[in-house]
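Below is one structure, written out as structure tokens; the observations come after it.
The values are calculated or read from the model by the stated rules, or taken from the named source; none is laboratory data. Everything numeric here is computed off the predicted structure, so don't read it as measured data. Ideal geometry is used to build each Cβ from the backbone, glycine not excepted, and the neighbour counts take in all protein chains shown.
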Amino acid sequence: MESQKKMMVVFGLVAAVFLQCVAAQTTHVVGGSVGWTIPQTGAQEYVTWASGQKFVVGDFLIFNFTTNSHDVLEVPKASFDSCSSTGSTIKTGPANITINSTGEQYYICTIGNHCQSGQKLAITVLTSATSPGGSPSAPSPSTTANNTPGVTFCAGFVLCSLSLVMGLFF
Ligand SMILES: [Cu+2]
């Protein structure tokens, strides 16, 4: 009986940590109040917006646009530069995209000349919330030891805790 109670407490703690980890993901509304549209200031609009954000794997990008007015397509750098589109476009707005890889990520609108007019977004994704801006370099041990860890670290932590609990009680 006693050990069962303990086990419940430990499992509860692990679950709580896991929930906190999930909540540490950030939602980025692309363009802020401008949303995902043809910006009046041209391509600089999204360059400026992105420079004020810190993107980490597991974060969400929300592209706010009216269905049929715009769309979203993730593209390689060459397509971003030339505004050429191939691949499966997200046509329904608002679109919620989970960032799942580090480094440079590129998104454009494929409708009309919207991309040429500046409706294009380039972001740099870091592995950890504490990495210094701009550099998607390998994480140092200290980057995982903060209170807003990445999802990978969280998953590892939870698995580790669970196996520890199993080891203690079984
Ligand atoms: Cu558009």
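Assess whether Ala95 counts as being touching a strand residue (DSSP E or B) at 6+ places or on another chain (Cβ under 9 Å), at pLDDT below 60 and among the hydrophobic types (A, V, I, L, M, F, W, C).
Judged against the criteria, Ala95 is not a match.
For region 35-82, give me the residue count where each residue is among the aliphatic types (A, V, I, L, M), part of a loop (DSSP other than H, G, I, E, B) and more than 16 Å from the ligand (Cβ to nearest atom).
Going through region 35-82 one residue at a time, the tally reaches 1.
Is one or more of the residues making up region 16-31 modelled with pLDDT under 65 and touching a Leu at 6+ places or on another chain (Cβ under 7 Å)?
Looking through region 16-31, none of the residues is modelled with pLDDT under 65 and touching a Leu at 6+ places or on another chain (Cβ under 7 Å).
Buried (at least 17 other Cβ atoms within 10 Å of the Cβ) and among the polar types (S, T, N, Q): is that true of Gln105 in this structure?
yes
Whether any residue in region 125-142 is in the same structural domain as Gly42 (by TED's automatic domain parsing) and either charged (D, E, K, R) or at pLDDT 95 or above (or both) is what I want to check.
Yes, region 125-142 has at least one match.
May I ask you to verify whether Leu61 is under 20 Å from Ala24 (Cα atoms), assigned by TED's automatic domain parsing to the domain that holds Gly31 and surrounded by 12 or more Cβ atoms within 10 Å (Cβ to Cβ)?
Answer is yes for this residue.
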